[in-house]
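Visitor: Before I ask anything, here is the structure I am working with.
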Amino acid sequence: MSLLSSAVSITRYRVNGRIEDPVTEAVYTGLRKNMLPEIDDVESAQSVGWTSFQDPFTPSFEGSSFVYGSYFVFSLRIDKKTIPSKLVQKYMAIEIAKKCQATGREFLSRNEKKMIKDNVTSLLGLRIPATPNIYNVMWNYETSLVWFFTHLKGANEELETLFKTTFDLVLTRIFPFTFAESFPGMSGFDLDLLTTLSPTKMLR
Amino acid sequence: MLDIATAYNRYGFIGHEFLTWLWYLIETDGHRLGQSQPQPILLALGKRIVLENPREDHAEKITIKGDYANFEAGILPLRQGSLVTELSLEAKSAEMTWEFNLKGESLSVSSMKMSTTGPIESLDDVEGAVLEKVYLLETILQFIDTLFERFLKMRVTKDWDEKAVPEIQQWIIKNEARPTL
């Protein structure tokens, strides 16, 4: 779901800490350094990295293309190779038959079958292209807030990890308790009270 | 300091109580809810309410979908101790409209539909569309945050137990007794 889709879902984060000036240059360097590595011609099953908002398939952050007004807008791209299990089974059966014929045996040991499976998976991994998943990120540096345009657990975990690696800043997900912690209207005393609360019984 | 996952699970009920209170407020005081905003916002119930009864042995989840008039169906679960865990809302200001689902435990919004931004006919239009969309989102999210702040301030005082809860209970009883047409 993209920022410009007709319907959006947002997970909100608070950014803990600041980047040293010049901020835009530091963000550019971080994004560029952690840009998505292509895995179509390699064995890897998954690749995670930043890509540009407008052109996610040819990532570039040149010319402050990630700056929109006072916001940083870019995308997290997760490429995954999914090898259908039936395809693995088919090529395994072919390879097992070949090996049996070559050695004159009727069966192969469990270890031999495992080696064949690993080889088949690795060869198919080279031939199957990765499926890209793109999730937009909007960073309001002034208010230290990040909006991530998906609720998918796996994607959110990848965002939290890559953001820390890239900018050395920790993201805290906003939910009732963390909201209260950062709300200026709550004193330390109020927060202490909050931690002692228990659910209200609406029943009489 | 509490671990994030522990805080999320232990205090999820605060978000559920917030949504239950918000539903009560919309029904009883909806027209005044967003009047203090820079651009007054009118908040109304959408077409979906999810309630959950946090029983010790098993949680009971009830989803009510359909027209606004069917909201009475949610009163009985409230009477039986359920709280609202998700609420579908519709908001309107002089120039903007929003429709979205709000989840209590995470305060996250989903399926957010808004007034249409201008058409994107060239690459130059993208920045304008992004900024307009962000403005629309910021307006509604700040409004939700303001409501949650109001709830939080009350929740940690005795006003919650002595004023808000009895009022909500009265509202439940009144609507439970209302004949269904």
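The values are calculated or read from the model by the stated rules, or taken from the named source; none is laboratory data. Everything numeric in this text was worked out from a predicted model, so none of it was measured. Cβ atoms come from the backbone with ideal geometry, glycine included; neighbour counts cover every protein chain shown.
Visitor: Are any residues in the stretch B:134-163 more than 20 Å from B:A44 (Cα to Cα) and either more than 9 Å from every other protein chain (Cβ to nearest Cβ) or in contact with a strand residue (DSSP E or B) (Cβ under 8 Å, 6 or more places away or on another chain) (or both), and if so, which ones?
Guide: B:V134, B:Y135, B:M154, B:K158, B:D159, B:E162, B:K163
Visitor: Is at least one residue of the stretch B:81-100 of a type outside the set (V, I, T), in a helix (DSSP H, G or I) and over 19 Å from A:F148 (Cβ atoms)?
Guide: Among the residues of the stretch B:81-100, not one is of a type outside the set (V, I, T), in a helix (DSSP H, G or I) and over 19 Å from A:F148 (Cβ atoms), which makes the answer no.
Visitor: In addition: Output the residues belonging to the stretch A:76-115 that are of a type in the set (V, I, T) and surrounded by 13 or more Cβ atoms within 10 Å (Cβ to Cβ).
Guide: Of everything in the stretch A:76-115, those that are of a type in the set (V, I, T) and surrounded by 13 or more Cβ atoms within 10 Å (Cβ to Cβ) turn out to be A:I78, A:I83, A:V88, A:I96.
Visitor: I'm trying to understand the selection: among the residues of the stretch A:134-176, which are over 12 Å from the mean Cα position of the chain (by Cα) and part of a loop (DSSP other than H, G, I, E, B)?
Guide: Answer for the stretch A:134-176, where residues must be over 12 Å from the mean Cα position of the chain (by Cα) and part of a loop (DSSP other than H, G, I, E, B): A:Y141, A:E142, A:T143, A:S144, A:D168, A:L169, A:I174, A:F175.
Visitor: Select from the stretch A:43-66 the residues that are surrounded by fewer than 14 Cβ atoms within 10 Å (Cβ to Cβ) and touching a helix residue (DSSP H, G or I) at 6+ places or on another chain (Cβ under 7 Å) and write down the one among them that is nearest to the other protein chains (Cβ to nearest Cβ).
Guide: A:S64
Visitor: Using beta carbons and a limit of 8 Å, which pairs, at least six apart or on different chains, have the first residue in the stretch B:105-125 and more than 7 Å from chain A (Cβ to nearest Cβ) and the second one β-branched (V, I, T) and assigned to a strand (DSSP E or B)?
Guide: B:M114/B:T97; B:S115/B:T97
Visitor: Next question, about the same structure. Filter the stretch A:177-204 down to residues that are among the polar types (S, T, N, Q) and outside any loop (DSSP other than H, G, I, E, B) and give me whichever is farthest from B:I168 (Cα to Cα).
Guide: Restricting to residues being among the polar types (S, T, N, Q) and outside any loop (DSSP other than H, G, I, E, B), the top hit is A:S182.
Visitor: What is the number of the single condition among (1) within 14 Å of chain B (Cβ to nearest Cβ); (2) closer than 16 Å to A:L123 by Cβ that A:I96 does not meet?
Guide: (1)
Visitor: Residues that are at pLDDT below 90 and more than 9 Å from chain B (Cβ to nearest Cβ): does the stretch A:175-183 have at least one?
Guide: yes
Visitor: Need at least 1 residues that are without any contact (Cβ under 8 Å) to a residue 60 or more places away in the chain, within 22 Å of the chain's Cα centre (by Cα) and closer than 30 Å to A:F177 by Cβ per element, so show me which strands (runs of 3 or more DSSP E) inside the stretch A:1-117 make the cut, counting only ones lying wholly within it.
Guide: A:7-16
Visitor: Is it true that B:E105 is crowded, with 19+ Cβ neighbours inside 10 Å and charged (D, E, K, R)?
Guide: Spelling it out, B:E105 is indeed crowded, with 19+ Cβ neighbours inside 10 Å and charged (D, E, K, R).
Visitor: Being at pLDDT below 85 and within 26 Å of B:E176 (Cβ to Cβ) narrows it down to one residue among B:E86, B:E90, B:E121, B:E72; which is it?
Guide: Going through B:E86, B:E90, B:E121, B:E72 in turn, the sole match is B:E72.
Visitor: Related question: So is A:S187 at pLDDT below 85, more than 7 Å from every other protein chain (Cβ to nearest Cβ) and closer than 18 Å to B:I14 by Cα or not?
Guide: Yes: the conditions hold for A:S187.
Visitor: Follow-up question, since we're still on this one. Taking the stated definitions as given, is B:S93 surrounded by 14 or more Cβ atoms within 10 Å (Cβ to Cβ), of a type in the set (G, A, S) and touching a residue at least 12 places away in the same chain (Cβ under 8 Å)?
Guide: Here the answer is yes, as B:S93 does meet what is asked.
Visitor: Taking the options B:L123, B:L76, B:L147, name whichever one is under 24 Å from A:F179 (Cβ atoms) and of a type in the set (A, V, I, L, M).
Guide: Testing whether each residue is under 24 Å from A:F179 (Cβ atoms) and of a type in the set (A, V, I, L, M) leaves just B:L147.
Visitor: How many residues does the stretch A:118-159 contain that are free of Cβ contacts under 8 Å to residues at least 40 places away in the same chain and within 14 Å of chain B (Cβ to nearest Cβ)?
Guide: The total comes to 4.
Visitor: Within the set of pairs 6 or more residues apart or between chains, which connect a residue that is among the small types (G, A, S) inside the stretch B:139-164 to a residue that is part of a helix (DSSP H, G or I) with Cβ atoms less than 8 Å apart?
Guide: These pairs meet every condition: B:A164/B:W21; B:A164/B:M154.
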